[in-house]
Amino acid sequence: MYPKIIHYVLNHSTLAMITVLAGGTGSIKLIRGLASQFSDITVVSNVADNIWLYGLYICPDIDTVIYGLADILDLRQGWGIKNDSFECLRQMKMLGEQTWFKIGDKDLAMHLLRTNMLRSGKRLSYITERMRDKYAVSSRIIPVTDDPVETKVLTDRGEMHIQEFWVKHRAQPPVVNIRYEGAERARINPKVSQAIRQSKLIVIAPANPISSIGPILAIRGFKKALVAEREKIVAVSPLIGNSAISGPAVKYMEAVRLNSSPFGVAKHYSEFVTKFVISKNDGDSSRRIVRLGMEVFETDILMKTSDDENRLATYLLTQMKAA
């Protein structure tokens, strides 16, 4: 599928480790592509989407990465386990419980075990490592922090957890502001700090810059750690033109007065990113982004199929090797 020279570069690269900052349903596509071609991957996961529901601790971003790399992710939905059933949820509805957050019967096992382990004193990073092993996932998956952090969305209906806003209310209420509760008190997972220092390449996935990457950056000291390694950091735009590839990124960006364009994302990341990948259809943005001190790469960033995922991953690996 790829020229022999690309195959050679991938397999004879001096890259010791690739670290990916990830969150939301958009990140897993690039992670799968990278993991299919490079074995030494560390995924730093957002935890601010985590929520307590039904007495269970649910970690959507962590689970999406685990299921995606284990090849059991429901690709149609972008979350949960494929071919899952929802009998437990139906029974809960019959008992008068709210069921706006859809948990499948197979997916339920993950949340039950995680909650039980948390209550027995285990840390989230330990639990995630155990689950990664149980699902035979070779890439490391590390929560950015073991401390509780939650993204809160301030709307004209009041403040709500991001899951309530996005799932229960279908992102319909106007957004006034967004904050990351607990981020100022949270501490970076030591293994995350180590991965950032030791990686040869750090990739910011094409995830929502406000709700997926934003909470990671808000952890005390995290942005400073990235600034120290900025020469090896590349970000992939989550927008093409003024539209998000998926999700409500534009709505969130407008709420925090961030220009909803590839340039706006690049400016948001400019303190710690030196390389920025945009759609080949956004060539008019290149000059503005270059003025921020970034090197710009233009390619097809849409990932609709596994071939697309591999193509973009290959492009990143070869371009960053040459840069």
For segment 230-282 the number of residues that are of a type in the set (Asp, Glu) and not in a helix (DSSP H, G or I) is 1
So residue 226, is it in a helix (DSSP H, G or I), touching a strand residue (DSSP E or B) at 6+ places or on another chain (Cβ under 7 Å), modelled with pLDDT of 95 or more and closer than 19 Å to residue 267 by Cβ | yes
Filtering segment 56-78 down to residues that are modelled with pLDDT of 95 or more and in a loop (DSSP other than H, G, I, E, B) yields 59, 70, 71, 72, 74
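Of all strands (runs of 3 or more DSSP E) completely enclosed by segment 93-178, which ones contain at least 2 residues that are within 30 Å of residue 194 (Cα to Cα) and modelled with pLDDT of 95 or more? Show your work before the answer.
Working: elements: 140-143, 150-155, 158-161.
Passing ranges, in order: 140-143, 150-155.
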Failed condition for residue 85, given (1) within 25 Å of residue 234 (Cα to Cα); (2) modelled with pLDDT of 95 or more; (3) assigned to a loop (DSSP other than H, G, I, E, B) | (1)
Of all residues in segment 237-260 being polar (S, T, N, Q) and at pLDDT below 95, which is surrounded by the fewest Cβ atoms within 10 Å (Cβ to Cβ)?
-> 243
What single numbered condition from (1) exposed (fewer than 15 other Cβ atoms within 10 Å of the Cβ); (2) among the small types (Gly, Ala, Ser); (3) more than 30 Å from residue 226 (Cβ to Cβ) fails to hold for residue 104?
-> (1)
In segment 305-319, is there at least one residue being surrounded by 17 or more Cβ atoms within 10 Å (Cβ to Cβ) and over 21 Å from the mean Cα position of the chain (by Cα)?
-> yes
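The values are calculated or read from the model by the stated rules, or taken from the named source; none is laboratory data. On a predicted model such as this, the values are computed, not experimentally measured, just so you know. So basically every Cβ, Gly included, is an ideal-geometry build from the backbone, and we count neighbours across all protein chains shown.
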